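Have a look at the structure below, then the notes.
What follows is calculated from the coordinates using simple rules that are stated; it is not laboratory data. All values reported here derive from a predicted model rather than from experimental measurement. Cβ coordinates were reconstructed from backbone atoms using ideal geometry, including for glycine residues, and neighbour counts include every protein chain displayed.
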Amino acid sequence: MKIRNCLNPSKPSFSFEFFPPKTDAGVASLLRTVEELAPLEPGFVSVTYGAGGSTRDRTVELVTHIKQHSGIEAMAHLTCVGHTRDELRDVLRRLDAAGIENVLLLRGDPPQGQTKFEPVPGGFTYAEELVRFVREEDFNFCIGGACYPEGHVETASREDDLKHLKAKVDAGMDFVVTQLFFDNAFYFDFVERARRMGINVPIVPGIMPITNYEQVQRFTRMCGATVPMRLALQMERVKDQPDAVVQLGVAHATVQCMELLARGVPGIHFYTLNKSPATRMIVGALKGRS
Ligand code: FAD
């Protein structure tokens, strides 16, 4: 199934994102998480692509395994980092041969210690080029990509970032998924500006329930997402009580999702960090409401 066909504001889908674990025990635990989340009937799940090394093969193996064994539609992420176009074609062929129909195409982050993204010789500098490549090579994938309601960390201005997003979508993207955000105002404003610029593909909000405050502070420093002052203060107050942090994180994400659904989003993508409880609580509450 092509994901673009399940992104529909009149029947929004829930989707779950995982990362490829480094160890076999991690893989076993992830597959249990997938099983625990399956009863929530996700529209699809996705597996991220590592910065390098053995987990990259695991992305291909995991999406194949999930699609074949659980029947859930599974999307592979793929980045330009460290790959020539021949290597990228090779990964795409393996995904295609395994029956994977959806890919999330990204540039990826500069390797640790570098501030500027440098392509390898024969590689790509921007996700837009990878999208164009996949379309020119005549693969039949449904293509997703990333977008940034608060602006990508490297961009000089949100306006430039949006222009680049428009070019990336025009190169052949079917939908985009946002970077995590904790304040819906950023999403609604972004969608409005994107529509004004002529970006008409579905824009799926990405939500990460806070389950560990230090971890979220680390992520938000890296990706530039704002934690609203009130939520930050509440988190500070309970940061030494793990259960209270989860309760607060789940409550905040649930309220975010309820407003997003009420205002007609085509789906909600959950950054699960390979754990099921928080996502189960939120989606369970949301499904109970309808
Ligand atoms: P691009 O769209 O190429 O943009 C990168 C930067 O370049 C932006 O600042 C943009 O404004 C600018 N730019 C784009 N085109 C041009 C141009 N023509 N001229 C000048 N500037 C330009 N990372 C991983 O390593 N693995 C993953 O699996 C992964 N999954 C992700 C999933 C989602 C939903 C999101 C939101 C992010 C994900 N990331 C992942 C992180 C992502 O790789 C980084 O945010 C990366 O820095 C940018 O990737 P991109 O595809 O958005 O890049």
With only Lys, Arg, Asp and Glu charged, each at its Cβ (+1 for the first two, -1 for the last two), find how big the charge dipole of the chain is about the Cα centre; round to the nearest 20 debye.
520 debye
Simple spin-label estimate for ARG32 and SER10 in nanometres, 7 Å along Cα-Cβ:
4.2 nm
For SER46, SER54, ascending order of other Cβ atoms within 10 Å (fewest first) is SER54, SER46
Fewest Cβ neighbours within 10 Å first, please rank LYS163, LYS2 accordingly.
LYS163, LYS2
Rounded to the nearest 500, what is the chain's calculated 222 nm mean residue ellipticity when only DSSP H runs of at least 4 contribute -39500 (n - 2.57) each, over all residues?
-15000 deg cm²/dmol
How high is the relative contact order of region 51-197, in percent, counting Cα pairs under 8 Å that sit 6 or more residues apart?
20 percent
Rounded, prolate or oblate: which fits the chain when a ≥ b ≥ c are the square roots of the eigenvalues of the alpha-carbon gyration tensor, with rounded for a/c under 1.5 and prolate only if a/b beats b/c?
rounded
Within region 161-201, whose backbone N sits under 14 Å from a point 7 Å along Cα→Cβ of VAL153?
179-180
How do LYS11, LYS166 rank when sorted from fewest to most other Cβ atoms within 10 Å of their own Cβ?
LYS11, LYS166
Go through LEU180, ASN8, PHE139 and say which Cα lies farthest out towards the positive end of the charge dipole of the chain; charges sit on Cβ, +1 for Lys and Arg, -1 for Asp and Glu.
ASN8
Between LYS2 and ASN140, what is 0.36 nm times their sequence separation minus the Cα-Cα distance? Round to one decimal in nm.
48.7 nm
Scoring the chain by relative contact order with C-alpha pairs under 8 Å, at least six apart, yields a percentage of 21 percent
Comparing GLY26, GLY249, GLY50, which has the greatest mean-square fluctuation in the GNM of the chain with Cα pairs linked when under 10 Å apart?
GLY26
Can you pull out the GluC sites (Glu not before Pro) in region 66-146 that DSSP calls coil and that have at most 16 other Cβ atoms within 10 Å?
GLU137
